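Reviewing the structure listed below.
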Amino acid sequence: MSNNKVTRRQFLSYTLTGVGGFMAAGMLMPMVRFAIDPVLQKKDGGDFVLTDLPVADITEEPTRVDFNFEQIDAWYSSEVTSTAWVYRDGDTIVALSPICKHLGCTVGWATDSAHPNRFFCACHAGLYEKTGKNVPGTPPRGPLDMYEVRESADGLLELGPVVPNTLV
């Protein structure tokens, strides 16, 4: 036996500290699990969304491609429809975002008869070249953003996250 005897006060202090630690751990573990669990869940897919456009059908003329994806905001899940303007530039496939950099309106290809080979924003008469570069003297402040693109195993176009335009 040890010569150091434990007093009643030390015994109660150790006991209450141990019991308090177990109680605190019992309350904190569900909170930690709640915070970490979404990070540990497996996702079904990546950041790329499959479209119904075959890569072989893409031409040099920009074509509007609508695609759907599931968006999850906290506990709310919704089906979102988005758009891209897709065309072929040599061997490269380009997918431009239709969101105008001026005020976020939607641009269309060849929708203005005065500018048939440009993207046109009808909200404030903004113009973009085919590469997405904004035409000087019009309201847009920068080029249209791009989507990352790749071909699926079935030969269909997949669109990824929006990235800054690298063509201009």
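The values are calculated or read from the model by the stated rules, or taken from the named source; none is laboratory data. None of the values given here were measured: they were computed from a predicted structure. We place every Cβ from the backbone using ideal geometry, glycine too, and count neighbours over all the protein chains shown. Please note that ligands, DNA and RNA were not included when accessible areas were found on the heavy atoms of the full protein model with its side chains. Shrake-Rupley method; radii C 1.70, N 1.55, O 1.52, S 1.80 Å.
Only protein heavy atoms count here; under a 1.4 Å probe, Y14 has an accessible surface of about 150 Å². Report summary: the helix-based calculation at 222 nm, which adds -39500 (n - 2.57) for every DSSP H run with n ≥ 4 and divides by the residues of the chain, gives -7000 deg cm²/dmol.
Its Cα centre serving as origin, region 1-116 has a Cβ charge dipole (Lys and Arg +1, Asp and Glu -1) of approximately 1720 debye. Between the listed residues L157, L16, M27, the Cα displaced farthest toward the positive end of the dipole of the chain, a dipole computed from Cβ unit charges relative to the Cα centre, is found at L16.
Taken per residue, the accessible surface of the chain reaches 70 Å², heavy atoms only and a 1.4 Å probe. Within the accessible surface of region 57-168, defined with a 1.4 Å probe on protein heavy atoms only, the carbon and sulfur portion equals 49 percent.
For region 1-130, relative contact order (Cα pairs under 8 Å, six or more residues apart, normalised by length) works out to 11 percent.
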